[in-house]
1. Among the residues of segment 43-66, is any more than 10 Å from the ligand (Cβ to nearest atom) and more than 21 Å from Trp394 (Cβ to Cβ)?
2. Give the number of residues within segment 79-106 that are open to solvent by less than 60 Å² (accessible area, probe 1.4 Å) and touching a residue at least 12 places away in the same chain (Cβ under 8 Å).
3. Give segment 130-161 a look and list any residue that's more than 10 Å from the ligand (Cβ to nearest atom), within 21 Å of Ala395 (Cβ to Cβ), in contact with a Phe, Trp or Tyr (Cβ under 8 Å, 6 or more places away or on another chain) and open to solvent by less than 30 Å² (accessible area, probe 1.4 Å), or say none.
4. Go through segment 120-229 and tell me which strands (runs of 3 or more DSSP E), entirely inside it, have 1 or more residues that are of a type in the set (Gly, Ala, Ser) and over 28 Å from Gly388 (Cβ atoms).
5. Hey, among Val127, Val114, which residue is surrounded by 19 or more Cβ atoms within 10 Å (Cβ to Cβ) and within 14 Å of the ligand (Cβ to nearest atom)?
6. What is the residue count in segment 14-31 for residues that are within 16 Å of Arg120 (Cβ to Cβ) and away from the ligand (no atom under 15 Å from the Cβ)?
7. Restricting the search to segment 336-356, which residues are open to solvent by less than 20 Å² (accessible area, probe 1.4 Å) and more than 16 Å from the ligand (Cβ to nearest atom)?
8. Pairs, please: C-beta under 6 Å, at least 6 apart or cross-chain, first residue open to solvent by 20 Å² or more (accessible area, probe 1.4 Å) and in segment 30-49, second acidic (Asp, Glu)?
Amino acid sequence: MTERVDLAVVGAGAAGLMAALWARRTHPARSVLLLDGARSLGAKILVSGGGRCNVTHHAVDETAFAGSTPKAIRKVLRRFGVPETVAFFRELGVELKQEETGKLFPAGDRARTVLDALLRGARGAGVEIRHPWRVEAVRRAGASFTLRSGPGGEIEAGRVVLATGGRSLPRSGSDGGGYALARALGHTLTPRIVPALVPLTLPRGHFLCALSGLSAPATLEVRTAAGRRGARFTGAVLCTHFGLSGPAVLDVSRYFIHARLDDPQASLVANWLPETTEEQADEALRTTTAARYAGGRLPERLARALVAAAGVDWGTPAHRLSRESRRALARTLTALPLPVTGDRGFTVAEVTAGGVPLRELDLDTMESRPCPGLALCGEICDVDGRIGGFNFQWAWSSGYVAGIGAANAP
Ligand SMILES: Cc1cc2nc3c(=O)[nH]c(=O)nc-3n(C[C@H](O)[C@H](O)[C@H](O)COP(=O)(O)OP(=O)(O)OC[C@H]3O[C@@H](n4cnc5c(N)ncnc54)[C@H](O)[C@@H]3O)c2cc1C
């Protein structure tokens, strides 16, 4: 006989754990089965934040996100915001501490405590967690759903929450398979599903690759071929053997990738002196040497590399610097075009840009409009946040709304 549950939650990542836990807390009489295809649970939580799990940020609002409209994102975030997240984890036994950057981490700096608390909380609420049980198909069968898995057989569920994540870090189990499930149930996907929060590559041998390991603050700006300015982020840029990483690069990556798809000539420009314009640098270089000016403001290895890239001799005194050289140096320091060749792809990306548009969901419950009885939450939705705990906050907020919504449904 086919097993029957009231609610099946597909995907036991951050959003699915949250949805299952809150569904069960809200309506303890209803059975909740949380299914995951992975052999070991919570891989992404464990690797997050360099193993420390950046659970949220002290100031989360819709401006830190992209994808669906800010109004739609705000509506979901407001239902379960940062104070609720902090209180929720405290109640599960995990104190969060805020760092200078505004990021919140577990006080013990161990992602494991976050995962264990969520698993304990879900099981404590009465959620049954079953894995590895990869859902290969979800079919509507009258008023309920049939979920199918190769070796595991079939399960019938009154309602289903899809929390299968996006395509980032596919070895964790989030390989985009959930998109096919959503489509089969009547959803569309954004025309583009691309990596976000992803390092960018430079041509082999580019002088910045030779500075591998060096990190410096910079402003990165997307520009169209016509020179129109797009998204810009200021923060640390890390030079690596393949190209560029670090917070500013990760934050700008999804905008740059989209810009390149729209316009293959779109470029990324770096200002290594974020407070300074090209004109100000040009002016300052009239009275000082390149070495003193660049060397006094940047790590020396970077300063030397930029001065050399501008074709200027490190020690040339100001009065011997030609107007062209001075301008070339000012431009290299404040508006260096980065010849990005690509990105490191979904295997490295922290998050996915694109997915199921929020307009296809009732945001009071995250319930599907084309398929009533189904709800979606987490990264499968067309919402991606900046670096800093915003993506987990989306998972907590949308998982909470989906769980409560599914539990309260008649
Ligand atoms: C390296 C790295 C570091 C990160 N660090 C941070 C950070 O510090 N702070 C932050 O806010 N965000 C961080 N993120 C992003 C964050 O981890 C994600 O946004 C978040 O985990 C998304 O949660 P989710 O539950 O929607 O999806 P996921 O965490 O991807 O979970 C989806 C789950 O569904 C399961 N699944 C998929 N398909 C099926 C199927 N067909 N059947 C059954 N199960 C299925 C998968 O096995 C997986 O367990 C990081 C991401 C990465 C990759």
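The values are calculated or read from the model by the stated rules, or taken from the named source; none is laboratory data. All values derive from a computational prediction rather than experimental measurement. FYI the Cβ positions are ideal-geometry reconstructions off the backbone, even for glycines, and counts take in every protein chain you see. Please note that ligands, DNA and RNA were not included when accessible areas were found on the heavy atoms of the full protein model with its side chains. Shrake-Rupley method; radii C 1.70, N 1.55, O 1.52, S 1.80 Å.
1. no
2. Matching residues across segment 79-106 total 15.
3. The one that is more than 10 Å from the ligand (Cβ to nearest atom), within 21 Å of Ala395 (Cβ to Cβ), in contact with a Phe, Trp or Tyr (Cβ under 8 Å, 6 or more places away or on another chain) and open to solvent by less than 30 Å² (accessible area, probe 1.4 Å): Val160.
4. It comes to 137-141, 144-149, 153-162.
5. Within the list Val127, Val114, the selection yields Val114.
6. Taking segment 14-31 first, the residues within 16 Å of Arg120 (Cβ to Cβ) are 14, 16-18, 20-22, 24-25.
Next, from what is left, pick out any that are away from the ligand (no atom under 15 Å from the Cβ): 24-25.
Final tally of qualifying residues: 2.
7. Leu336, Leu338, Val340
8. Arg30/Asp6; Ser31/Asp6
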